[in-house]
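The values are calculated or read from the model by the stated rules, or taken from the named source; none is laboratory data. In this text the structure is predicted, and so the values were computed from the model without any measurement. Glycine gets a Cβ as well: all are built from the backbone with ideal geometry, and neighbour counts include every protein chain shown.
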């Protein structure tokens, strides 16, 4: 028996734009997370609401056209993963610089771990957290698709 394999592919140009936008949003959130009073809020925003924000923006300017829920989950997962990678690329060096260079230990545990931990362990933790962000943002992308679809159908009526 032969089974038909359907591959849900997205346009490569759209995926590249989504990844670049995710890296930029992750970097911006990395800068905002350095502010002491809003650090937890911005980190939670990164973990749960990065994909809905980027997908809503891309749908509103008509770059992204999602026709089914599988593409929305895939798009949310990509956004979550790369947004966290962009976050770590900005946030971790700045925390290390502020902690070791200037003695500002707002995030003392992270600064201490970056100084004492091995590169492999830090890289493993970054990838693990990026996958966790990917999973939570995949669900956010799934919900974004249904909310946007609901608004599109209510506008037609």
Is there a residue being in contact with a helix residue (DSSP H, G or I) (Cβ under 7 Å, 6 or more places away or on another chain) and at pLDDT 90 or above anywhere in segment 109-122?
-> no
Given the structure, is residue 57 modelled with pLDDT of 95 or more and either crowded, with 21+ Cβ neighbours inside 10 Å or farther than 18 Å from residue 12 by Cβ (or both)?
-> no
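Pick from 145, 91: which is surrounded by 17 or more Cβ atoms within 10 Å (Cβ to Cβ) and farther than 30 Å from residue 37 by Cβ? Working first, answer last.
Numbers: 91 fails: farther than 30 Å from residue 37 by Cβ.
None of the other options fit; the residue is 145.
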Mind listing whichever residues of segment 50-60 are closer than 17 Å to residue 32 by Cβ and within 8 Å of the chain's Cα centre (by Cα)?
-> 50
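Could you tell me which of the residues 37, 2 is within 18 Å of residue 94 (Cα to Cα), exposed (fewer than 10 other Cβ atoms within 10 Å of the Cβ) and at pLDDT below 90?
On the way: 2 fails: within 18 Å of residue 94 (Cα to Cα).
Among 37, 2, only 37 is within 18 Å of residue 94 (Cα to Cα), exposed (fewer than 10 other Cβ atoms within 10 Å of the Cβ) and at pLDDT below 90.
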